[in-house]
1. Out of (1) assigned by TED's automatic domain parsing to the domain that holds residue 22; (2) touching a helix residue (DSSP H, G or I) at 6+ places or on another chain (Cβ under 6 Å); (3) over 17 Å from residue 8 (Cα atoms), the odd one out for residue 62 is which?
2. Considering 10, 46, which residue is over 19 Å from residue 128 (Cβ atoms), outside the structural domain of residue 116 (by TED's automatic domain parsing) and within 17 Å of the chain's Cα centre (by Cα)?
3. Is it the case that the range 75-85 has a residue that's under 21 Å from residue 22 (Cα atoms), loosely packed, with under 14 Cβ neighbours inside 10 Å and under 15 Å from the mean Cα position of the chain (by Cα)?
4. Considering (1) in the same structural domain as residue 122 (by TED's automatic domain parsing); (2) within 16 Å of the chain's Cα centre (by Cα), say which one residue 94 fails and leave the rest.
5. Working carefully through the options 47, 42, find the one that is over 15 Å from residue 20 (Cβ atoms), at pLDDT 95 or above and in contact with a helix residue (DSSP H, G or I) (Cβ under 8 Å, 6 or more places away or on another chain).
6. Give me a count of the residues in the range 102-120 that are surrounded by fewer than 17 Cβ atoms within 10 Å (Cβ to Cβ) and modelled with pLDDT of 80 or more.
7. Please enumerate the residues belonging to the range 1-16 that are within 18 Å of residue 38 (Cα to Cα) and touching a strand residue (DSSP E or B) at 6+ places or on another chain (Cβ under 7 Å).
């Protein structure tokens, strides 16, 4: 299987994963896959799971959204946040989910409702990915 290069960039770190076989990302219109020689483009990402396959083994990451830039047989994910499944503290993620659920019950304003829904989505995603 042919390979392509993948880098993930966040505001606080850069993860250079090198050559990989396959990438699945959470696009705003649904998940999409990337393989070698994918058409160039920029695709918006949402909160969700990133799957990376390298040498027949899959790794999973939680992301808070961003963009995938596909150029010249390489991909750069420019995302708000990224956490490898094995690095996610599921207890902490559960506490975040509990806090977001409590805030949802309190309902202060429209802006807070949007923030609460986003917090819920992120916490649920982190919990789901932590089990991979």
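1. All conditions pass for residue 62, except number (3).
2. Testing whether each residue is over 19 Å from residue 128 (Cβ atoms), outside the structural domain of residue 116 (by TED's automatic domain parsing) and within 17 Å of the chain's Cα centre (by Cα) leaves just 10.
3. No, there is no match, as no residue in the range 75-85 is under 21 Å from residue 22 (Cα atoms), loosely packed, with under 14 Cβ neighbours inside 10 Å and under 15 Å from the mean Cα position of the chain (by Cα).
4. In the conditions (1) in the same structural domain as residue 122 (by TED's automatic domain parsing); (2) within 16 Å of the chain's Cα centre (by Cα), residue 94 misses (2) alone.
5. Exactly one residue qualifies, and that residue is 47.
6. 2
7. Scanning the range 1-16 gives 3, 4, 5, 6, 7, 8.
The values are calculated or read from the model by the stated rules, or taken from the named source; none is laboratory data. Here the structure is a predicted model, which means the values were calculated and not measured. Here Cβ is always computed from backbone atoms with ideal geometry, including for glycine, and neighbour counts include all displayed protein chains.
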